[in-house]
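Before any comments, here is the structure.
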Amino acid sequence: MSPRGDAVVVLAQLSGLRGGPCARVRPVGGDWQPTTCVPGGAAPSDDPQVAVDAQGEATVVWERRVDADSTVIYVAGLSLATGMWSDPAVLSDVREHQRGPRLAVNAAGDAVVAWTNTTDTNAIVTSRAGAHGSWTSPRDFGFDLAVVETSNPSVAIAAHQAAVVVWEGRQRSGQGRIIRSRTRAGAGQTISDAGQDATNPAAAQSPDGRAVAAWQQQAGATTSVVRVAVRAPVSGLWQPSQDLDVGQDAQVATDAQGNATIAFAARAGIRVARIPSGSSTPLPAETIPGSSGGTLPRLAVNAAGAAVVVWKANTAHGAVRPAGSAGWSSGAISLNTATTPAVTIDAFGDALSTWTDHPIGVVSRVQAAAFDASGPQLNALEMPPSTHAGVPVTFAVAPLDVWSRVASTVWSFGDGASAAGTSVSHAFAAAGTYPVTVTSTDALGNTSSDARVIGVVGPPPPCGPDCDGDLYPASVDCDDNRAALHPGADDTPGDGVDQDCVDGGRDGPRSRQ
C-alpha cells in the first residue's frame, strides 16, 4: 500500500493466455479495479515482488522462464493512480538462470533488487535512483575470500541511505553457511557466528541508517535459533550477533524512530521481539495470543510503529499492534486452507493481507482481507481563521476512509453549538476566540478529529462587508464607500485619486495600460 492507503496486489500467472504478472489496484476508499497485466506478458511469470513509494508508484519485479537454458529477471512500473503499466525491462543476464528476485523501495522511489544466479550460485544486485531513474548494470556481490557460493539475498533501503543487502554463503572452509553483508563500496562483512549453518536472512533499515538483520542458525539436529545483529549508522559496522530465541523463519522491520520488530515461528506459536532505537540488545520475545501452531510469519511495520503479523496455521491468521501499544490482538482471516499470506500496512495503521486458498472442489483463488485501524482522512478541510459576530460562516471537509463507509461528520464550534454534515454554516453570537473541532466516524466506529481556532471580531459595518457594492470587501478595497475605487480599476494619473488601490490612497503613475 501507499502511505495514504492505495493498495495493489500483484499476481503470478503460471499458465493461461494472459501470462503475467497481473495486478488489481484499489484506490483509497474505492473498489478493486479490473485486473490489468504487464504489456507483452504472454509468457508465464513467477515469484513477483511489489513495493510502492510515497507518490503511489509501484515497482514490480518477477522471474520468467525463457527457455531450458535461461530464466530472466524483469521489472515494470505500475501507477496506482491510473492503473497503467510501463513497458517491462530486463534486469538480468538472459543467458543464465536467475531466480528469487527481492525488492526494496523507499519513499522517494529509490530501489534495489537482488537475486540469485543459480547457474554459478552467486548473488546479483542492481539499483535505481528515483521512481523513473535508470537501473545500474547488474553486478556480482557475493563472491569473496570467505565464501564460494551465495544465495537467498534480502534487501532494505531507507530514505537518503545506501541500500542494505545481506545473504547467505557457503564457507570456503566447508564449515557450513554464514550470513554476509556488504556496503556499496566496502568489503563484505560476516555478521553470523562460526558454527552451525546460518540461513534465511532478513534485513531492515531505519531512516538514520541503522540496519537490523535476523536469521536462523542451526543449534542441533532438529533445533534452530533466531539470531540478530545491528549495524551502527555512523560506522557502518555490524555489532556482534546475539541469540534471540529458539525459532525459525524470522522477519524484521523498523519504524521511523529506528525501533526494530522481529517476528518468528516457535513451538509455542508466533513470537515477536523488539530492539529499541539506539540499542543492539533485543528485549525478551513474547508469544502472540492465539498463534499456537503458526508457521511462516510475515511482518509489516509503518513509520509510527504500528505493526501487523500474518501467518499460516492451516487457514491464514493475523495480529495487529497499534503504534505506542505493547499488546497484540489476533484472529483468523481466512476460512479455507491457505498458502503463506502476504501483508502490508499504511501510514494510518490500516493493514491488508492476501493469500491463495484452496476450497474443496473449487479452483484456487487469491483472496484479501483488510484491517481498518483508523478513522476517515479529513481531506479538503476548510475552517476560516476569522469572521464577524453574527455573520454565517461556512465550514467544510471531505472525509475519506481507506476501507469503510463514512458514517457521520460532526462539528463543535466552541460556543456550545454543534452541527452535522460535511458542509455546515454557523454564526457566532459574540466576539472572542473559539476552538472549532470536526470529528468524522466510519462505519466501524473509528474516529478522526481536527481542531482549529477561529477569531471572531465585532459585527460588520451596518452596510455589510461591501458597502459600495463593487464586489470588493472592505478588507481589500482602498475606499469601500466609492464603487469606482477598487483593486484592478483603471487609474487616471494626475487626478489626485488612487482608483486601483495600489498606491496606498495616493494618486500615482498609471499602473494599468
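The values are calculated or read from the model by the stated rules, or taken from the named source; none is laboratory data. Small disclaimer: the values here were computed from a predicted structure and weren't measured. When we count neighbours, we look across all protein chains shown, and the Cβ atoms used for this are built from the backbone with ideal geometry, even at glycine.
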Could you tell me whether any residue of the stretch 133-145 is out of contact with any Leu (no Cβ under 6 Å at 6 or more places or on another chain), β-branched (Val, Ile, Thr) and closer than 23 Å to ALA12 by Cα?
no
Scan ARG65, ARG18 and give me the residue that is modelled with pLDDT under 90 and under 20 Å from GLN367 (Cβ atoms).
ARG18
If I go through the stretch 127-137 residue by residue, how many of them are modelled with pLDDT under 90 and either surrounded by 17 or more Cβ atoms within 10 Å (Cβ to Cβ) or closer than 14 Å to THR190 by Cα (or both)?
1
Of the residues that make up the stretch 155-166, is at least one over 21 Å from ALA202 (Cα atoms) and within 22 Å of the chain's Cα centre (by Cα)?
no
So which of GLY324, GLY294, GLY305 is at positive phi and at pLDDT below 95?
GLY324
For the stretch 230-240, check the following and say yes or no: at least one residue is surrounded by 15 or more Cβ atoms within 10 Å (Cβ to Cβ) and under 18 Å from SER151 (Cα atoms).
no
I'd like to check which strands (runs of 3 or more DSSP E) are fully inside the stretch 266-336 and have at least 1 residues that are buried (at least 21 other Cβ atoms within 10 Å of the Cβ) and within 26 Å of the chain's Cα centre (by Cα).
269-275, 295-301, 307-313, 315-321
Of the numbered conditions (1) in the same structural domain as ILE178 (by TED's automatic domain parsing); (2) at pLDDT 95 or above, SER235 satisfies every one except a single condition; which is it?
(2)
Check ALA111 against each of (1) within 25 Å of LEU11 (Cβ to Cβ); (2) of a type outside the set (Phe, Trp, Tyr); (3) modelled with pLDDT under 90 and name the one condition it does not meet.
(3)
Condition set small (Gly, Ala, Ser) and not in a loop (DSSP other than H, G, I, E, B), scope the stretch 337-354, selection surrounded by the most Cβ atoms within 10 Å (Cβ to Cβ): answer is ALA351
Is the stretch 51-67 home to any residue that is assigned to a strand (DSSP E or B) and among the hydroxyl-bearing types (Ser, Thr, Tyr)?
yes
Of the residues GLY30, GLY83, GLY100, GLY40, which single one is part of a strand (DSSP E or B), surrounded by fewer than 20 Cβ atoms within 10 Å (Cβ to Cβ) and of a type in the set (Gly, Ala, Ser)?
GLY100
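Conditions tested, residue by residue: (1) of a type in the set (Val, Ile, Thr); (2) in contact with a strand residue (DSSP E or B) (Cβ under 7 Å, 6 or more places away or on another chain); (3) closer than 21 Å to GLY5 by Cβ; (4) free of Cβ contacts under 8 Å to residues at least 12 places away in the same chain.
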| position | (1), (2), (3), (4) |
| --- | --- |
| LEU335 | no, yes, no, no |
| ALA347 | no, no, yes, no |
| LEU352 | no, yes, yes, no |
| THR356 | yes, yes, no, no |
| GLN377 | no, yes, yes, no |
| PRO392 | no, yes, no, no |
| VAL397 | yes, yes, yes, no |
| LEU400 | no, yes, yes, no |
| SER408 | no, yes, yes, no |
Of all residues being assigned to a loop (DSSP other than H, G, I, E, B) and at pLDDT 90 or above in the stretch 145-184, which is farthest from ASP249 (Cα to Cα)? Just the residue, please.
ALA158
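Modelled with pLDDT of 90 or more and more than 24 Å from SER181 (Cα to Cα): is that true of SER70 in this structure?
Spelling it out, it is not the case that SER70 is modelled with pLDDT of 90 or more and more than 24 Å from SER181 (Cα to Cα).
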If only one of GLY77, GLY56 is in contact (Cβ under 8 Å) with a residue 12 or more places away in the chain, touching a strand residue (DSSP E or B) at 6+ places or on another chain (Cβ under 9 Å), buried (at least 20 other Cβ atoms within 10 Å of the Cβ) and small (Gly, Ala, Ser), which one is it?
GLY56
With respect to THR119, is the statement that it is β-branched (Val, Ile, Thr), touching a residue at least 12 places away in the same chain (Cβ under 8 Å) and surrounded by fewer than 20 Cβ atoms within 10 Å (Cβ to Cβ) true?
yes
List the pairs whose first member sits in the stretch 429-453 and is in the same structural domain as ASP401 (by TED's automatic domain parsing) and in contact (Cβ under 8 Å) with a residue 60 or more places away in the chain, whose second member is loosely packed, with under 15 Cβ neighbours inside 10 Å and among the basic types (Lys, Arg), and whose Cβ atoms are under 8 Å apart, counting only residues at least 6 apart or on separate chains?
ASP442/ARG405
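Considering only residues that are part of a strand (DSSP E or B) and either surrounded by fewer than 18 Cβ atoms within 10 Å (Cβ to Cβ) or aliphatic (A, V, I, L, M) (or both), which ones fall in the stretch 203-229? I'd like the intermediate steps shown before the answer.
To start, the set of residues in the stretch 203-229 that are part of a strand (DSSP E or B) comprises 203-205, 211-218, 224-229.
Once the filter is applied, which keeps residues that are part of a strand (DSSP E or B) and either surrounded by fewer than 18 Cβ atoms within 10 Å (Cβ to Cβ) or aliphatic (A, V, I, L, M) (or both), the stretch 203-229 yields ALA203, ALA204, ALA211, VAL212, ALA213, ALA214, GLN218, VAL225, VAL226, VAL228, ALA229.
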Out of all the residues in the stretch 396-422, which are polar (S, T, N, Q), farther than 21 Å from ASP31 by Cα and within 31 Å of the chain's Cα centre (by Cα)?
THR409, THR422
